[in-house]
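J.: Please see the structure below; I have some questions.
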Amino acid sequence: MLQIQNIRENKESIINALKKRNIDAEPMISKVLELDEKRRSIQTELDATLAESNKLSKEIGMLFKSGKAQEANVLKEKTAGLKEASKKLGDDLNTTANELQQQLYLIPNVPHESVPAGNSDEDNEEVFREGDIPTLSKEALPHWELAKKYDIIDFELGVKITGAGFPVYKGKGARLQRALIAYFLDKNTEAGYTEMQVPLMVNEDSGYGTGQLPDKEGQMYHVQADDLYLIPTAEVPVTNLHRGDILAESDFPIKYTGYTPCFRREAGSYGAHVRGLNRLHQFDKVEIVRMEHPNNSYQALDEMVEHVKNILRELKLPYRILRLCGGDLGFTSALTFDFEVFSTAQDRWLEISSVSNFETFQANRLKLRYKDENGKSQLAHTLNGSSLALPRVLAGILENYQTDEGIKIPEVLVPYCGFDIID
RNA sequence: GGAGGAAUGGCAGAGUGGUCGAAUGCGGCAGUCUUGAAAACUGUUGAGGGUCACACCUCCGGGGGUUCGAAUCCCUCUUCCUCCGCCA
(Lines give C-alpha, C1' and ligand atoms only; values in the text may rest on other atoms or scores of the structure.)
Protein backbone atom coordinates (compact mmCIF):
# COMPACT_ATOMS: atom_id res chain seq x y z
CA MET A 1 0.00 0.00 0.00
CA LEU A 2 1.33 3.40 -0.94
CA GLN A 3 1.57 6.07 1.71
CA ILE A 4 -1.07 8.71 1.40
CA GLN A 5 1.42 11.43 2.22
CA ASN A 6 3.63 10.25 -0.62
CA ILE A 7 0.67 10.34 -3.01
CA ARG A 8 -0.19 13.87 -1.89
CA GLU A 9 3.33 15.08 -2.55
CA ASN A 10 4.25 13.13 -5.68
CA LYS A 11 1.01 12.67 -7.52
CA GLU A 12 2.37 13.25 -11.03
CA SER A 13 5.50 11.15 -10.73
CA ILE A 14 3.53 8.26 -9.26
CA ILE A 15 1.00 8.33 -12.08
CA ASN A 16 3.86 8.47 -14.54
CA ALA A 17 5.72 5.56 -13.00
CA LEU A 18 2.58 3.43 -12.89
CA LYS A 19 2.26 3.80 -16.65
CA LYS A 20 4.99 1.20 -16.87
CA ARG A 21 2.45 -1.24 -15.52
CA ASN A 22 0.17 -0.26 -18.36
CA ILE A 23 -2.35 1.30 -16.10
CA ASP A 24 -3.69 4.80 -16.08
CA ALA A 25 -3.67 5.48 -12.38
CA GLU A 26 -4.93 9.03 -12.71
CA PRO A 27 -8.59 8.26 -11.81
CA MET A 28 -7.58 6.09 -8.84
CA ILE A 29 -5.10 8.63 -7.55
CA SER A 30 -7.55 11.49 -7.90
CA LYS A 31 -10.21 9.51 -6.11
CA VAL A 32 -7.78 8.75 -3.31
CA LEU A 33 -6.76 12.38 -2.95
CA GLU A 34 -10.36 13.45 -2.94
CA LEU A 35 -11.18 10.96 -0.18
CA ASP A 36 -8.11 12.01 1.74
CA GLU A 37 -9.18 15.62 1.56
CA LYS A 38 -12.65 14.68 2.69
CA ARG A 39 -11.33 12.53 5.51
CA ARG A 40 -9.17 15.30 6.86
CA SER A 41 -11.90 17.88 6.75
CA ILE A 42 -14.30 15.57 8.62
CA GLN A 43 -11.55 14.80 11.10
CA THR A 44 -10.95 18.47 11.76
CA GLU A 45 -14.63 19.10 12.32
CA LEU A 46 -14.96 16.07 14.58
CA ASP A 47 -11.92 17.09 16.58
CA ALA A 48 -13.36 20.54 17.18
CA THR A 49 -16.67 19.06 18.30
CA LEU A 50 -14.95 16.64 20.65
CA ALA A 51 -12.77 19.41 22.04
CA GLU A 52 -15.88 21.42 22.80
CA SER A 53 -17.62 18.58 24.55
CA ASN A 54 -14.50 17.63 26.47
CA LYS A 55 -14.34 21.17 27.72
CA LEU A 56 -17.98 21.15 28.80
CA SER A 57 -17.57 17.80 30.54
CA LYS A 58 -14.73 19.19 32.58
CA GLU A 59 -16.75 22.20 33.57
CA ILE A 60 -19.67 20.01 34.57
CA GLY A 61 -17.38 17.95 36.74
CA MET A 62 -16.06 21.03 38.48
CA LEU A 63 -19.53 22.42 39.03
CA PHE A 64 -20.75 19.19 40.59
CA LYS A 65 -17.71 19.16 42.84
CA SER A 66 -18.39 22.63 44.10
CA GLY A 67 -22.05 21.81 44.64
CA LYS A 68 -23.48 23.85 41.81
CA ALA A 69 -25.73 21.11 40.48
CA GLN A 70 -28.16 23.56 39.00
CA GLU A 71 -25.59 25.18 36.70
CA ALA A 72 -24.18 21.78 35.83
CA ASN A 73 -27.53 20.56 34.62
CA VAL A 74 -27.85 23.56 32.36
CA LEU A 75 -24.53 22.67 30.74
CA LYS A 76 -25.57 19.05 30.44
CA GLU A 77 -28.33 19.99 28.12
CA LYS A 78 -25.88 21.77 25.88
CA THR A 79 -23.90 18.58 25.42
CA ALA A 80 -26.77 16.68 23.83
CA GLY A 81 -26.39 18.44 20.49
CA LEU A 82 -22.64 18.01 20.48
CA LYS A 83 -23.01 14.35 21.20
CA GLU A 84 -25.31 13.85 18.28
CA ALA A 85 -23.03 15.82 16.00
CA SER A 86 -19.92 13.90 16.99
CA LYS A 87 -21.71 10.59 16.57
CA LYS A 88 -22.63 11.52 13.02
CA LEU A 89 -19.19 12.89 12.24
CA GLY A 90 -17.61 9.79 13.70
CA ASP A 91 -19.68 7.59 11.42
CA ASP A 92 -18.82 9.73 8.42
CA LEU A 93 -15.18 9.57 9.30
CA ASN A 94 -15.28 5.79 9.54
CA THR A 95 -17.04 5.46 6.22
CA THR A 96 -14.64 7.80 4.47
CA ALA A 97 -11.54 6.31 6.05
CA ASN A 98 -12.68 2.83 5.03
CA GLU A 99 -13.40 3.93 1.52
CA LEU A 100 -9.97 5.54 1.34
CA GLN A 101 -8.39 2.38 2.62
CA GLN A 102 -10.19 0.25 0.03
CA GLN A 103 -9.05 2.58 -2.73
CA LEU A 104 -5.47 2.51 -1.52
CA TYR A 105 -5.53 -1.28 -1.55
CA LEU A 106 -6.25 -1.16 -5.27
CA ILE A 107 -3.13 0.79 -6.21
CA PRO A 108 -0.08 -1.37 -6.97
CA ASN A 109 3.43 -0.51 -5.95
CA VAL A 110 5.37 2.10 -7.90
CA PRO A 111 7.96 0.36 -10.12
CA HIS A 112 11.61 1.12 -9.57
CA GLU A 113 13.16 3.38 -12.20
CA SER A 114 15.10 0.47 -13.67
CA VAL A 115 11.94 -1.50 -14.46
CA PRO A 116 11.44 -1.68 -18.22
CA ALA A 117 8.07 -0.86 -19.73
CA GLY A 118 6.23 -3.80 -21.23
CA ASN A 119 3.04 -5.78 -21.40
CA SER A 120 3.89 -9.39 -20.66
CA ASP A 121 6.64 -11.85 -19.87
CA GLU A 122 7.88 -11.39 -23.43
CA ASP A 123 9.05 -7.92 -22.52
CA ASN A 124 11.12 -8.98 -19.55
CA GLU A 125 14.73 -8.05 -19.86
CA GLU A 126 17.33 -10.80 -19.66
CA VAL A 127 20.19 -9.49 -17.56
CA PHE A 128 22.30 -12.58 -17.00
CA ARG A 129 22.76 -16.10 -18.30
CA GLU A 130 25.07 -18.84 -17.12
CA GLY A 131 25.64 -22.60 -17.30
CA ASP A 132 25.88 -25.12 -20.09
CA ILE A 133 22.81 -26.56 -21.67
CA PRO A 134 23.49 -30.28 -21.83
CA THR A 135 23.22 -32.28 -25.01
CA LEU A 136 20.72 -35.02 -24.35
CA SER A 137 20.08 -38.14 -26.31
CA LYS A 138 17.12 -38.35 -28.67
CA GLU A 139 15.29 -40.45 -26.13
CA ALA A 140 15.44 -37.69 -23.51
CA LEU A 141 12.19 -37.47 -21.57
CA PRO A 142 10.32 -34.69 -19.81
CA HIS A 143 10.34 -35.02 -16.04
CA TRP A 144 6.82 -36.41 -15.73
CA GLU A 145 7.88 -39.36 -17.90
CA LEU A 146 11.08 -39.77 -15.90
CA ALA A 147 9.11 -39.65 -12.68
CA LYS A 148 7.03 -42.58 -13.87
CA LYS A 149 9.94 -44.50 -15.39
CA TYR A 150 11.92 -44.47 -12.14
CA ASP A 151 8.83 -44.51 -9.91
CA ILE A 152 9.86 -41.47 -7.88
CA ILE A 153 6.80 -39.21 -8.17
CA ASP A 154 3.23 -40.49 -8.44
CA PHE A 155 0.74 -37.94 -9.68
CA GLU A 156 -2.18 -40.38 -9.93
CA LEU A 157 -1.81 -41.44 -6.32
CA GLY A 158 -2.04 -37.79 -5.30
CA VAL A 159 -5.25 -37.47 -7.30
CA LYS A 160 -6.67 -40.44 -5.44
CA ILE A 161 -6.06 -39.12 -1.98
CA THR A 162 -6.46 -35.39 -2.62
CA GLY A 163 -6.74 -34.18 -6.20
CA ALA A 164 -4.77 -32.94 -9.18
CA GLY A 165 -1.69 -30.93 -8.30
CA PHE A 166 -0.89 -32.82 -5.11
CA PRO A 167 1.85 -35.26 -6.10
CA VAL A 168 3.20 -38.09 -3.97
CA TYR A 169 6.99 -38.33 -3.85
CA LYS A 170 8.30 -41.85 -3.44
CA GLY A 171 11.55 -43.46 -2.41
CA LYS A 172 14.53 -41.71 -3.94
CA GLY A 173 12.21 -38.97 -5.19
CA ALA A 174 11.17 -38.17 -1.63
CA ARG A 175 14.76 -38.38 -0.45
CA LEU A 176 15.98 -36.05 -3.20
CA GLN A 177 13.28 -33.58 -2.25
CA ARG A 178 14.34 -33.69 1.40
CA ALA A 179 17.98 -33.35 0.35
CA LEU A 180 17.23 -30.21 -1.64
CA ILE A 181 15.40 -28.64 1.30
CA ALA A 182 18.28 -29.36 3.67
CA TYR A 183 20.83 -28.16 1.15
CA PHE A 184 19.00 -24.89 0.49
CA LEU A 185 18.52 -24.20 4.20
CA ASP A 186 22.21 -24.87 4.83
CA LYS A 187 23.24 -22.50 2.05
CA ASN A 188 20.93 -19.82 3.40
CA THR A 189 22.02 -20.11 7.00
CA GLU A 190 25.66 -20.05 5.89
CA ALA A 191 24.86 -16.71 4.27
CA GLY A 192 23.58 -15.32 7.55
CA TYR A 193 19.87 -16.05 7.29
CA THR A 194 18.28 -17.29 10.50
CA GLU A 195 16.20 -20.39 10.01
CA MET A 196 12.59 -20.13 11.13
CA GLN A 197 9.81 -22.68 11.32
CA VAL A 198 6.50 -20.92 11.02
CA PRO A 199 2.81 -21.80 10.95
CA LEU A 200 1.40 -22.98 7.65
CA MET A 201 -1.86 -21.19 8.28
CA VAL A 202 -2.24 -17.49 8.82
CA ASN A 203 -4.99 -15.16 9.91
CA GLU A 204 -6.58 -12.42 7.89
CA ASP A 205 -4.35 -9.67 9.29
CA SER A 206 -1.26 -11.48 8.04
CA GLY A 207 -2.81 -11.86 4.60
CA TYR A 208 -3.34 -8.12 4.44
CA GLY A 209 0.11 -7.44 5.85
CA THR A 210 2.01 -8.87 2.92
CA GLY A 211 -0.58 -7.99 0.31
CA GLN A 212 -2.20 -11.34 -0.55
CA LEU A 213 -5.45 -9.87 0.70
CA PRO A 214 -7.58 -8.41 -0.59
CA ASP A 215 -6.35 -8.70 -4.17
CA LYS A 216 -5.36 -12.38 -4.31
CA GLU A 217 -8.07 -13.78 -2.11
CA GLY A 218 -9.05 -16.45 -4.63
CA GLN A 219 -5.52 -17.80 -4.84
CA MET A 220 -5.41 -18.93 -1.23
CA TYR A 221 -7.10 -21.91 0.37
CA HIS A 222 -9.41 -20.56 3.05
CA VAL A 223 -10.33 -22.66 6.05
CA GLN A 224 -13.71 -21.18 6.74
CA ALA A 225 -14.54 -22.84 10.04
CA ASP A 226 -11.61 -21.04 11.66
CA ASP A 227 -11.14 -18.20 9.20
CA LEU A 228 -7.54 -19.09 8.44
CA TYR A 229 -5.65 -19.21 5.18
CA LEU A 230 -3.16 -21.83 4.04
CA ILE A 231 0.00 -19.98 3.16
CA PRO A 232 0.78 -19.54 -0.55
CA THR A 233 4.42 -18.83 0.39
CA ALA A 234 6.54 -18.58 3.53
CA GLU A 235 6.82 -14.89 2.73
CA VAL A 236 3.47 -14.39 4.47
CA PRO A 237 4.18 -15.80 7.95
CA VAL A 238 7.87 -14.88 7.95
CA THR A 239 7.40 -11.24 6.94
CA ASN A 240 4.49 -10.91 9.36
CA LEU A 241 6.78 -11.90 12.22
CA HIS A 242 7.55 -8.20 12.48
CA ARG A 243 4.10 -6.82 11.80
CA GLY A 244 3.52 -3.76 13.99
CA ASP A 245 7.10 -3.59 15.20
CA ILE A 246 9.14 -0.46 15.64
CA LEU A 247 12.76 -1.48 15.23
CA ALA A 248 15.99 0.28 16.06
CA GLU A 249 18.31 1.11 13.17
CA SER A 250 20.82 -1.23 14.75
CA ASP A 251 18.38 -4.15 14.29
CA PHE A 252 19.05 -4.12 10.54
CA PRO A 253 19.63 -6.20 8.60
CA ILE A 254 17.06 -8.79 9.60
CA LYS A 255 17.55 -11.95 7.57
CA TYR A 256 15.33 -15.02 7.79
CA THR A 257 15.01 -18.24 5.88
CA GLY A 258 12.31 -20.83 6.18
CA TYR A 259 11.16 -24.00 4.54
CA THR A 260 7.41 -24.48 4.12
CA PRO A 261 5.00 -26.25 1.87
CA CYS A 262 3.05 -23.70 -0.16
CA PHE A 263 -0.58 -23.97 -1.14
CA ARG A 264 -2.05 -22.30 -4.18
CA ARG A 265 -5.44 -22.78 -5.72
CA GLU A 266 -4.21 -21.78 -9.19
CA ALA A 267 -7.82 -21.54 -10.28
CA GLY A 268 -8.37 -22.10 -13.95
CA SER A 269 -4.89 -23.29 -14.90
CA TYR A 270 -4.86 -26.35 -17.14
CA GLY A 271 -2.95 -27.65 -20.15
CA ALA A 272 0.50 -28.62 -21.24
CA HIS A 273 2.33 -25.87 -19.41
CA VAL A 274 1.07 -27.03 -16.06
CA ARG A 275 1.94 -30.69 -16.54
CA GLY A 276 3.91 -32.65 -14.03
CA LEU A 277 5.75 -30.46 -11.57
CA ASN A 278 5.38 -27.29 -13.60
CA ARG A 279 2.47 -26.02 -11.54
CA LEU A 280 1.08 -27.55 -8.38
CA HIS A 281 -1.45 -26.84 -5.68
CA GLN A 282 0.99 -27.91 -3.01
CA PHE A 283 4.72 -27.55 -3.38
CA ASP A 284 7.77 -27.04 -1.22
CA LYS A 285 9.80 -23.89 -1.13
CA VAL A 286 12.67 -22.45 0.87
CA GLU A 287 12.32 -18.72 1.18
CA ILE A 288 14.60 -15.89 2.22
CA VAL A 289 13.17 -12.70 3.71
CA ARG A 290 14.90 -9.48 4.67
CA MET A 291 13.94 -6.32 6.48
CA GLU A 292 16.23 -3.45 5.65
CA HIS A 293 16.97 0.20 6.14
CA PRO A 294 15.72 2.02 3.02
CA ASN A 295 19.27 3.11 2.19
CA ASN A 296 20.43 -0.49 1.98
CA SER A 297 17.54 -2.32 0.41
CA TYR A 298 18.83 -2.32 -3.17
CA GLN A 299 22.21 -3.53 -2.06
CA ALA A 300 20.38 -6.25 -0.17
CA LEU A 301 18.48 -7.14 -3.34
CA ASP A 302 21.77 -7.51 -5.21
CA GLU A 303 23.12 -9.74 -2.46
CA MET A 304 20.07 -11.95 -2.66
CA VAL A 305 20.44 -12.27 -6.43
CA GLU A 306 24.11 -13.20 -6.03
CA HIS A 307 23.18 -15.70 -3.36
CA VAL A 308 20.68 -17.51 -5.58
CA LYS A 309 23.18 -17.45 -8.44
CA ASN A 310 25.70 -19.27 -6.28
CA ILE A 311 23.27 -22.02 -5.50
CA LEU A 312 22.41 -22.58 -9.14
CA ARG A 313 26.09 -22.58 -10.00
CA GLU A 314 26.73 -25.28 -7.43
CA LEU A 315 23.85 -27.32 -8.80
CA LYS A 316 25.31 -26.80 -12.29
CA LEU A 317 21.98 -25.92 -13.80
CA PRO A 318 21.74 -23.62 -16.83
CA TYR A 319 19.81 -20.54 -15.83
CA ARG A 320 19.08 -16.96 -16.74
CA ILE A 321 17.96 -13.91 -14.79
CA LEU A 322 15.20 -11.61 -15.96
CA ARG A 323 14.37 -8.13 -14.82
CA LEU A 324 10.59 -8.14 -14.87
CA CYS A 325 8.90 -5.52 -16.99
CA GLY A 326 6.12 -3.33 -15.63
CA GLY A 327 3.38 -5.51 -17.06
CA ASP A 328 4.72 -8.68 -15.45
CA LEU A 329 5.73 -7.16 -12.12
CA GLY A 330 3.83 -8.37 -9.07
CA PHE A 331 1.30 -6.06 -7.46
CA THR A 332 3.36 -5.42 -4.34
CA SER A 333 6.84 -5.32 -5.86
CA ALA A 334 8.97 -2.36 -6.91
CA LEU A 335 11.65 -4.45 -8.61
CA THR A 336 11.76 -8.18 -9.26
CA PHE A 337 14.38 -10.49 -10.72
CA ASP A 338 13.14 -13.87 -11.88
CA PHE A 339 15.44 -16.85 -12.15
CA GLU A 340 14.67 -19.44 -14.79
CA VAL A 341 16.24 -22.83 -15.28
CA PHE A 342 16.39 -24.25 -18.76
CA SER A 343 14.54 -27.50 -19.04
CA THR A 344 16.29 -29.23 -21.89
CA ALA A 345 13.76 -31.99 -22.32
CA GLN A 346 10.83 -29.57 -22.41
CA ASP A 347 12.87 -27.06 -24.37
CA ARG A 348 11.64 -24.16 -22.25
CA TRP A 349 12.62 -21.96 -19.32
CA LEU A 350 11.07 -22.70 -15.93
CA GLU A 351 10.77 -20.03 -13.25
CA ILE A 352 12.42 -21.26 -10.10
CA SER A 353 12.98 -18.11 -8.09
CA SER A 354 11.65 -14.62 -7.83
CA VAL A 355 13.60 -12.06 -5.84
CA SER A 356 11.89 -8.77 -5.03
CA ASN A 357 12.21 -5.50 -3.22
CA PHE A 358 8.88 -4.21 -1.94
CA GLU A 359 10.36 -1.03 -0.54
CA THR A 360 7.78 0.38 1.90
CA PHE A 361 4.73 -1.15 0.20
CA GLN A 362 4.40 -4.11 2.56
CA ALA A 363 5.87 -2.21 5.51
CA ASN A 364 3.09 0.34 5.25
CA ARG A 365 0.49 -2.40 5.54
CA LEU A 366 2.49 -4.19 8.20
CA LYS A 367 3.20 -0.99 10.10
CA LEU A 368 6.79 -2.16 10.20
CA ARG A 369 8.88 0.83 11.20
CA TYR A 370 12.19 1.83 12.67
CA LYS A 371 13.41 4.87 14.59
CA ASP A 372 15.71 7.04 12.51
CA GLU A 373 18.61 9.07 13.92
CA ASN A 374 16.18 11.85 14.87
CA GLY A 375 13.97 9.45 16.78
CA LYS A 376 11.23 9.61 14.17
CA SER A 377 9.37 6.53 12.98
CA GLN A 378 10.04 5.58 9.37
CA LEU A 379 8.81 2.65 7.31
CA ALA A 380 11.33 -0.12 6.75
CA HIS A 381 11.90 -1.90 3.44
CA THR A 382 11.02 -5.57 3.00
CA LEU A 383 12.42 -8.03 0.47
CA ASN A 384 12.07 -11.68 -0.26
CA GLY A 385 13.09 -14.36 -2.67
CA SER A 386 12.84 -18.06 -3.27
CA SER A 387 15.99 -19.88 -2.40
CA LEU A 388 14.62 -21.99 -3.91
CA ALA A 389 11.30 -23.39 -5.14
CA LEU A 390 11.55 -27.17 -5.16
CA PRO A 391 9.41 -28.66 -7.92
CA ARG A 392 10.92 -26.91 -10.89
CA VAL A 393 14.45 -27.28 -9.58
CA LEU A 394 13.63 -30.96 -9.26
CA ALA A 395 12.23 -30.96 -12.80
CA GLY A 396 15.38 -29.23 -14.03
CA ILE A 397 17.61 -31.76 -12.32
CA LEU A 398 15.65 -34.75 -13.55
CA GLU A 399 15.61 -33.52 -17.12
CA ASN A 400 19.10 -32.09 -17.41
CA TYR A 401 20.88 -34.81 -15.50
CA GLN A 402 19.27 -37.78 -17.26
CA THR A 403 21.61 -40.29 -18.85
CA ASP A 404 21.27 -43.75 -20.33
CA GLU A 405 22.24 -45.20 -16.96
CA GLY A 406 19.78 -43.14 -14.97
CA ILE A 407 19.49 -39.70 -13.41
CA LYS A 408 22.75 -38.48 -11.96
CA ILE A 409 22.59 -36.53 -8.72
CA PRO A 410 24.38 -33.16 -8.70
CA GLU A 411 27.60 -33.50 -6.78
CA VAL A 412 26.69 -31.09 -3.97
CA LEU A 413 23.54 -33.07 -3.25
CA VAL A 414 25.14 -36.50 -3.01
CA PRO A 415 26.05 -36.13 0.70
CA TYR A 416 22.46 -35.07 1.39
CA CYS A 417 20.94 -37.89 -0.67
CA GLY A 418 23.18 -40.76 0.24
CA PHE A 419 23.14 -41.97 -3.39
CA ASP A 420 24.49 -40.56 -6.65
CA ILE A 421 22.11 -41.93 -9.22
CA ILE A 422 18.44 -42.72 -9.62
CA ASP A 423 18.11 -45.82 -11.71
C1' G B 1 -14.63 -29.56 25.92
C1' G B 2 -16.01 -27.89 31.52
C1' A B 3 -14.96 -24.35 35.85
C1' G B 4 -12.48 -20.03 37.48
C1' G B 5 -8.92 -15.75 36.78
C1' A B 6 -6.55 -12.12 33.78
C1' A B 7 -5.23 -8.54 29.48
C1' U B 8 -2.46 -1.07 31.14
C1' G B 9 3.56 2.33 27.83
C1' G B 10 10.19 -1.55 25.63
C1' C B 11 9.56 -4.69 30.35
C1' A B 12 7.53 -5.08 35.36
C1' G B 13 3.48 -2.97 37.75
C1' A B 14 -0.19 0.93 40.27
C1' G B 15 -4.70 2.85 39.00
C1' U B 16 -12.64 0.72 40.24
C1' G B 17 -16.41 7.11 37.16
C1' G B 18 -13.87 13.62 36.37
C1' U B 19 -7.92 16.74 38.31
C1' C B 20 -5.30 9.84 34.05
C1' G B 21 -2.03 9.59 28.25
C1' A B 22 -1.84 7.24 32.86
C1' A B 23 2.06 6.64 39.63
C1' U B 24 6.45 3.90 40.64
C1' G B 25 10.60 0.71 39.36
C1' C B 26 13.73 -1.29 35.50
C1' G B 27 15.47 -0.40 30.66
C1' G B 28 16.67 3.53 26.72
C1' C B 29 18.54 8.53 25.61
C1' A B 30 21.05 13.28 27.15
C1' G B 31 23.90 15.68 30.85
C1' U B 32 26.91 16.39 35.68
C1' C B 33 31.02 13.99 38.04
C1' U B 34 35.49 11.04 35.97
C1' U B 35 41.81 10.39 32.34
C1' G B 36 37.94 6.81 30.61
C1' A B 37 34.19 3.54 32.29
C1' A B 38 31.06 1.98 36.31
C1' A B 39 28.38 3.90 40.41
C1' A B 40 25.74 8.18 42.00
C1' C B 41 22.91 12.43 40.75
C1' U B 42 19.81 15.59 37.19
C1' G B 43 16.76 15.81 33.06
C1' U B 44 14.26 13.19 29.29
C1' U B 45 11.70 8.93 27.16
C1' G B 46 4.56 5.44 24.00
C1' A B 47 1.82 5.50 19.11
C1' G B 48 -1.30 7.75 15.39
C1' G B 49 -3.99 11.99 13.23
C1' G B 50 -3.70 17.28 12.64
C1' U B 51 -0.78 22.11 12.11
C1' C B 52 4.29 26.19 8.90
C1' A B 53 4.65 25.57 14.12
C1' C B 54 1.36 25.47 18.23
C1' A B 55 -3.51 24.32 19.60
C1' C B 56 -6.49 20.32 19.38
C1' C B 57 -8.23 15.02 18.66
C1' U B 58 -7.78 9.51 19.14
C1' C B 59 -5.61 5.13 21.40
C1' C B 60 -5.12 1.39 28.48
C1' G B 61 -6.35 -6.59 24.00
C1' G B 62 -10.57 -5.92 19.52
C1' G B 63 -15.69 -4.33 18.70
C1' G B 64 -20.26 -2.32 20.75
C1' G B 65 -23.02 0.09 24.87
C1' U B 66 -24.28 3.16 29.56
C1' U B 67 -22.90 8.35 31.11
C1' C B 68 -22.35 15.38 30.58
C1' G B 69 -17.73 12.47 31.42
C1' A B 70 -14.95 5.49 30.98
C1' A B 71 -8.39 2.45 31.77
C1' U B 72 -12.32 2.21 35.61
C1' C B 73 -19.44 0.11 34.77
C1' C B 74 -22.27 -3.33 31.10
C1' C B 75 -22.38 -6.69 26.57
C1' U B 76 -19.51 -9.40 23.08
C1' C B 77 -15.19 -11.41 20.67
C1' U B 78 -10.04 -12.75 20.95
C1' U B 79 -5.81 -14.17 23.61
C1' C B 80 -3.22 -15.81 27.99
C1' C B 81 -3.00 -18.25 32.98
C1' U B 82 -4.84 -22.05 36.80
C1' C B 83 -7.67 -26.58 37.68
C1' C B 84 -10.42 -30.82 35.40
C1' G B 85 -11.26 -33.82 30.94
C1' C B 86 -9.27 -35.51 26.21
C1' C B 87 -4.94 -36.23 23.25
C1' A B 88 0.15 -36.72 19.10
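J.: Can you find a residue that is more than 9 Å from RNA strand B (Cβ to nearest atom), in contact with a helix residue (DSSP H, G or I) (Cβ under 8 Å, 6 or more places away or on another chain) and within 27 Å of A:Gln101 (Cβ to Cβ) anywhere in region A:44-57?
T.: Scanning region A:44-57 turns up at least one residue that is more than 9 Å from RNA strand B (Cβ to nearest atom), in contact with a helix residue (DSSP H, G or I) (Cβ under 8 Å, 6 or more places away or on another chain) and within 27 Å of A:Gln101 (Cβ to Cβ).
J.: Oh, and also: Identify all residues within region A:281-296 that are closer than 22 Å to A:Leu322 by Cβ and surrounded by fewer than 24 Cβ atoms within 10 Å (Cβ to Cβ); write none if there are none.
T.: Correct list: A:Phe283 only.
J.: Quick one: count up the residues across region A:206-228 that are assigned to a helix (DSSP H, G or I), small (Gly, Ala, Ser) and more than 12 Å from the chain's Cα centre (by Cα).
T.: The qualifying residues number 1.
J.: I'd like to check something: does region A:295-310 contain any residue that is at pLDDT below 95, in contact with a strand residue (DSSP E or B) (Cβ under 6 Å, 6 or more places away or on another chain) and on the phi < 0 side of the Ramachandran plot?
T.: Within region A:295-310 (the criterion being at pLDDT below 95, in contact with a strand residue (DSSP E or B) (Cβ under 6 Å, 6 or more places away or on another chain) and on the phi < 0 side of the Ramachandran plot), the answer is no, since none of the residues qualifies.
J.: Can you report the number of residues in region A:60-86 which are among the charged types (D, E, K, R), under 21 Å from A:Thr44 (Cβ atoms) and within 8 Å of RNA strand B (Cβ to nearest atom)?
T.: Matching residues across region A:60-86 total 1.
J.: Determine the pairs where a residue that is not assigned by TED's automatic domain parsing to the domain that holds A:Asn357, located within region A:367-388, has a partner that is within 16 Å of RNA strand B (Cβ to nearest atom) and among the hydroxyl-bearing types (Ser, Thr, Tyr) with Cβ atoms under 8 Å apart, the partner being 6 or more residues away or on another chain.
T.: none
J.: Report, ordered by the first and then the second residue, all pairs with beta carbons closer than 6 Å, sequence separation of six or more or different chains, a first member in region A:64-79 that is at pLDDT 85 or above, and a second member that is of a type in the set (Ser, Thr, Tyr).
T.: Sorted first by the residue in region A:64-79, then by its partner, the pairs are A:Thr79/A:Ser53.
J.: Still on this structure, I have one more. Which residues, taken from region A:229-252, are crowded, with 19+ Cβ neighbours inside 10 Å and assigned to a strand (DSSP E or B)?
T.: A:Tyr229, A:Leu230, listed by residue number.
J.: Next up: Tell me whether region A:346-357 contains one or more residues that are more than 16 Å from RNA strand B (Cβ to nearest atom) and in a loop (DSSP other than H, G, I, E, B).
T.: yes
J.: Of all the residues that make up region A:25-43, how many are more than 8 Å from RNA strand B (Cβ to nearest atom) and either more than 27 Å from A:Gln102 (Cα to Cα) or basic (Lys, Arg) (or both)?
T.: 2
The values are calculated or read from the model by the stated rules, or taken from the named source; none is laboratory data. The model shown is predicted, which means the values in this text are computed figures rather than measured ones. Glycine gets a Cβ as well: all are built from the backbone with ideal geometry, and neighbour counts include every protein chain shown.
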